[in-house]
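Visitor: Can you keep this structure in mind? I'll have questions shortly.
Readers should treat all values here as calculations from the given coordinates under stated rules, not as data from a laboratory. The shown structure was predicted, so the numbers you read here are calculated from the model rather than taken from an experiment. Because the Cβ atoms are built from the backbone with ideal geometry, glycine has one as well, and the counts that use them run over all protein chains shown.
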Amino acid sequence: SRERNSPLYFMSEMVDILASIDHPSPSSLRLHAGSCVATLTPDVDSRPRYPFIDHQGCFTDSQLSGSGSRFLPRVRDDLLHIQLEPFLFHQDRTRSIYITCYLEAVKDPEKKACAFTTGRWRSADGDDHACESCDRPGEAAEGSSAYFIHERAQRSNRERGLKEATMGPITFVPERDDETAG
């Protein structure tokens with residue numbers, strides 16, 4: 001994919017996020033996003049906040065009716081491609097968000113990258129069985145909310161290899177006026 005020159009998106013455009021491991025890693029490690037949250041400021045703990053990936057890798061935004069948000073099928077273990085459908089916070093006039101994701105490169109087969117498409121959870125890694133816990137968010141979420149992951153990351157980033165990555169501001173603009181003057 002090509003690099004985007006501007007952080008501006010039309011509301012009809014998908015926000016493409018490509019996460020990668022910066023340094024060479026053993027092929028047995030796979031990059032995962034345990035959680036991602038959108039906020040109006042770079043402070044991940046600010047309110048309002050919208051966790052769109054949660055429960056250790058379930059793309060919860062993809063469950064919304066008509067949502068096109070999803071993980072794209074994985075092509076390499078050290079890459080994770082996220083497509084997020086634009087949204088706005090209620091009564092926010094800036095139309096800008098910040099996205100913070102908690103990324104981890106691990107061997108753990110229980111980590112997942114799952115999105116809800118065509119009526120069921122599907123894995124970016126091809127093993128849809130790994131997504132079963134997304135249907136039971138109470139069980140999957142125990143100890144995995146974005147706030148808890150953030151607090152745990154502060155204590156043990158180096159030990160766990162957990163990386164907090166923040167992007168933004170990303171600004172959403174109304175649709176182009178496609179009418180032609182005649």
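Visitor: For GLU164 and HIS129, FRET efficiency with R0 = 45 Å and r from the beta-carbon atoms, rounded to 0.05? Spell out each step's value before the answer.
Guide: Numbers: r = 29 Å, r/R0 = 0.65.
Calculated transfer efficiency: 0.95.
Visitor: Using θ = phi - 60° and the Karplus relation 6.51 cos²θ - 1.76 cosθ + 1.60, list the HN-Hα couplings for the stretch 30-35 in order, rounded to whole Hz, with x at every Gly or Pro.
Guide: 10, 7, 9, 10, x, 7
Visitor: Next question. By how many nm would the segment from GLN63 to MET11 lengthen if fully extended, with 0.36 nm per residue of separation less the alpha-carbon distance? Intermediate values should be presented prior to the final figure.
Guide: Details: separation 52, 0.36 × 52 = 18.72 nm, distance 1.88 nm.
Difference between extended and current length: 16.8 nm.
Visitor: Can you work out the FRET efficiency for the pair LEU18 and ARG120, with r the C-beta to C-beta distance and R0 = 22 Å, to the nearest 0.05?
Guide: Details: r = 25 Å, r/R0 = 1.15.
In this case the efficiency is close to 0.30.
Visitor: Given a Förster radius of 35 Å and the C-beta distance between LEU29 and ARG136 as r, what FRET efficiency does 1/(1 + (r/R0)^6) yield to the nearest 0.05?
Guide: On the way: r = 27 Å, r/R0 = 0.77.
It comes out at approximately 0.85.
Visitor: Still on this structure: Give me the net charge of ASP92's neighbourhood, meaning all other residues with Cβ under 13 Å from the Cβ of ASP92; Lys, Arg count +1, Asp, Glu -1. It would help to have the intermediate numbers written out before the result.
Guide: Details: positive: ARG47, ARG49, ARG93, ARG95; negative: none.
Net local charge, ASP92 excluded: +4.
Visitor: Next up: Taking the simple approach of a point 7 Å from Cα along Cα-to-Cβ for both VAL173 and LEU79, what is their distance in nm?
Guide: Spacing of the two 7 Å Cα→Cβ label points: 2.8 nm.
Visitor: How would ILE99, ILE170, ILE53 line up from fewest to most surrounding beta-carbon atoms within 10 angstrom? Don't skip to the end; give the middle numbers.
Guide: Values: ILE99 23, ILE170 20, ILE53 28.
By the 10 Å Cβ count, ascending, the order reads ILE170, ILE99, ILE53.
Visitor: Given 0.36 nm per residue, what is the gain on full extension from ARG47 to PHE87 after removing their alpha carbon distance, in nm?
Guide: 12.8 nm
Visitor: For Cα pairs less than 8 Å apart in space and 6+ apart in sequence, what is the mean separation divided by the residue count of the stretch 51-137, i.e. the relative contact order in percent? Write out the running numbers ahead of the final one.
Guide: Details: 115 pairs, mean separation 26.8, N = 87.
Relative contact order, the stretch 51-137: 31 percent.
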